[in-house]
Amino acid sequence: MSVLLLSGGLDSAVCLALQKPDVALFVDYGQPHLHAEQPRASALADAHNVVLRTVTVRVPFWEFDPQDETMLTPGRNLVLASLAAALGTPVVMGCNADDYEVYSDCRSEFFEALRPMIDVHTPLIDKTKVEIGALARRLGITPEQTWSCYYPHDGCPCGECDACKEREWALG
C-alpha cells in the first residue's frame, strides 16, 4: 500500500496528483502552520478520493522559532518517513531540488541512505520550485488549494518566511 506524506503544500499536492497513492498521511508535529495546512491536506485528499490519515507526534526538542525563516526541524523527514512506513510502502515524499541547500534530509544522499530500510519515492527531487509550480498549473492545482507559509498571521501568509518566498517564486 503506497503512502504519501501530504502536508497540504504545493509539493505534496503535486505528488498526490502524480502518484495516486492508496493512503495519504498528515502529521501534526506541532508546526505553527498546522491550522492552515491540515484543511488543505484534507480537501486535497478528498478531491483525489484518497483516504487521509492523521497522526499527532510530539518530539520534545522540536521547538519553532518565529525568527527562523527556514523552520529547520532536525530529523523531520526521518521521523515522517518512519511514520508513513508504519502504514505501508512505498512512501512518497515531495522534497525538491531547491530544498537541497538548507535541509540536509531533503537531499538525494539522505534518501539513498534511507532506501535500504524504507522504500521511499521522491518524484520531485530533481525539480525546482518553478518547475513544480508549472507542473501544478498543468495538473490543475490552484494556489488556493495549497498552503506553504510557516508563520501565518490571522489566517494569512506572512509573506516573509522561506516557504512564502519560494511559493511566490514558483507560482510567480
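Figures for the structure shown
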item: Residues being within 16 Å of L83 (Cβ to Cβ), more than 13 Å from the chain's Cα centre (by Cα) and of a type in the set (D, E, K, R) - total across segment 15-51; result: 1
item: Where V50 falls short, out of the listed (1) crowded, with 23+ Cβ neighbours inside 10 Å; (2) of a type outside the set (D, E); (3) in contact with a Pro (Cβ under 7 Å, 6 or more places away or on another chain); result: (1)
item: Residue that is nearest to G9 (Cα to Cα), among those in segment 64-96 that are aliphatic (A, V, I, L, M) and either assigned to a loop (DSSP other than H, G, I, E, B) or modelled with pLDDT under 90 (or both); result: M93
item: Selection from segment 8-42 of residues that are over 24 Å from D154 (Cα atoms), out of contact with any Leu (no Cβ under 7 Å at 6 or more places or on another chain) and touching a residue at least 40 places away in the same chain (Cβ under 8 Å); result: L18, D22
item: Scan of segment 86-120 for residues that are of a type outside the set (A, V, I, L, M), in contact (Cβ under 8 Å) with a residue 24 or more places away in the chain and at negative phi, ordered by number; result: T89, P90, G94, C95, N96, D98, Y103, D105, C106, F110, D119
item: Residues being buried (at least 19 other Cβ atoms within 10 Å of the Cβ) and out of contact with any His (no Cβ under 7 Å at 6 or more places or on another chain) - total across segment 92-102; result: 6
item: Residue match in segment 73-90 (condition: more than 26 Å from R58 (Cβ to Cβ) and crowded, with 17+ Cβ neighbours inside 10 Å); result: yes
item: Close pairs (7 angstrom Cβ cut-off, 6 or more residues apart or separate chains): touching a residue at least 60 places away in the same chain (Cβ under 8 Å) in segment 72-84, of a type outside the set (D, E) and assigned to a loop (DSSP other than H, G, I, E, B) anywhere; result: A81/M93; A81/I118
item: Enumeration of residues in segment 121-139 that are surrounded by fewer than 21 Cβ atoms within 10 Å (Cβ to Cβ) and without any contact (Cβ under 8 Å) to a residue 60 or more places away in the chain; result: I125, D126, K127, T128, V130, E131, A134, R137, R138
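Yes/no per residue for (1) surrounded by fewer than 16 Cβ atoms within 10 Å (Cβ to Cβ); (2) among the aromatic types (F, W, Y):
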{"residue": "V14", "(1), (2)": "no, no"}
{"residue": "A17", "(1), (2)": "no, no"}
{"residue": "F26", "(1), (2)": "no, yes"}
{"residue": "Y29", "(1), (2)": "no, yes"}
{"residue": "H35", "(1), (2)": "yes, no"}
{"residue": "V57", "(1), (2)": "yes, no"}
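The values are calculated or read from the model by the stated rules, or taken from the named source; none is laboratory data. Everything quoted here is computed from the prediction, not taken from an experiment. Backbone-built Cβ (ideal geometry, glycine too); neighbour counts: all protein chains shown.
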